[in-house]
1. Using only Cα atoms and rounding to the nearest 10 degrees, what angle (0 to 90) does helix 169-182 make with the longest principal axis of the chain?
2. Largest first, how would 20, 70 line up by accessible area (1.4 Å probe)?
3. Quote to one decimal, in nm, the extra length available between residue 45 and residue 117 on full extension: 0.36 nm per residue of separation minus the C-alpha distance between them.
4. Kindly express, to the nearest 10 degrees and within the range 0 to 90, the angle between helix 113-124's C-alpha long axis and the longest C-alpha principal axis of the chain.
5. In a shell of Cβ-Cβ distance under 11 Å around residue 6, excluding residue 6 itself, what net charge do Lys and Arg (+1) and Asp and Glu (-1) give?
6. Please determine, in degrees from 0 to 90 and to the nearest 10, the orientation of helix 131-144 with respect to the longest principal axis defined by the Cα atoms of the chain, where the helix direction is its Cα long axis.
7. Just the C-alpha atoms of region 173-233: what Rg/Rh do they give, with Rh taken as the Kirkwood radius?
8. Over region 1-110, with the other protein chains present, what is the accessible area per residue in square angstrom, probe 1.4 angstrom?
Amino acid sequence: MLIRAGYELSFDIPAPTTMLLMLHVHPSRTRDLREPEQVRVTPNVPLEIFEDGFGNTSARINAPPGRLTLFDDFVAQDSGFPDEQNYSAYQHMVEELPTETLRFLLNSRYCEVDVMTPIAWSLFGSTPLGWSRVQAICDWCHSNVTFSYGAANSTKTARDVYYERRGVCRDFSHLAITFCRCMNIPARYATGYLGDIGIPPVPYPMDFSAWFEVYLSGRWWTFDARHNKPRIGRILMARGRDATDVALTTTFGMTNLVGFKVWTDEVG
């Protein structure tokens, strides 16, 4: 399967500003690109590309005042299969976990493991270990949180989502990640493209998507608490502890987002 994806983001910038960009396809998927990816910046300013501490491709620009547009358009090859599942995947004891997974058990900006642990154990303490426990967490989040663009809030944490019971895809992911970490299951945040491939079209504008990954049976697996079903055509952009680590743009000055378009479509 071939998927055409991309974006066009525009900002009005009142004064020179440094920006960090997390807008490239993740290195694990670059081999699937039919041609090299090129993030285009208008006006033409230097783009410094580097690898961040989580293995993501990041970039830095020094944006001049005025209108700034970021653009990318590419075709990627995809297996066409839905997210892989393994109902027998087992949960590791903490002492068995690889050292590099331990940071995904800890508190982070949007995932308050310490304050949410009693709630998590009251909800999921009696569920079977492993895949079944993660699925129970996804089922609970999917059933008890309502998707609403009007509930989007850049400061909303997992605890806020639990009490408000409304949010967008990043909020579903933050809550599920927090519950998993409370139950000693390493969980990390993921963001990227996810189009309406293999499902009926949904009545929302296309956007980037957030999901999460958990460490079971010696590897990472994809879960999605918002949709709560295997999906086709995910194109990963970045992974981290939560949305702080993989923000699409991070600015060190005032900016105003004035244009936002994302596309993800099966070719043919």
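1. The angle comes out at about 40 degrees.
2. From most accessible down to least: 20, 70.
3. Working: separation 72, 0.36 × 72 = 25.92 nm, distance 4.63 nm.
Gain on stretching residue 45 to residue 117: 21.3 nm.
4. Once rounded, the angle reads 50 degrees.
5. Summing Lys and Arg as +1 and Asp and Glu as -1 gives -2.
6. It works out to around 70 degrees.
7. Result for region 173-233 is an Rg/Rh of 1.01.
8. On the way: 5980 Å² over 110 residues.
Per residue, region 1-110 has an accessible area of 54 Å².
The values are calculated or read from the model by the stated rules, or taken from the named source; none is laboratory data. Since this is a predicted model, take the numbers as computed values, not measurements. Virtual Cβ from ideal backbone geometry, glycine too; neighbours counted across all protein chains shown. Accessible surface areas use protein heavy atoms only, side chains included; no ligands, DNA or RNA. Shrake-Rupley method; radii C 1.70, N 1.55, O 1.52, S 1.80 Å.
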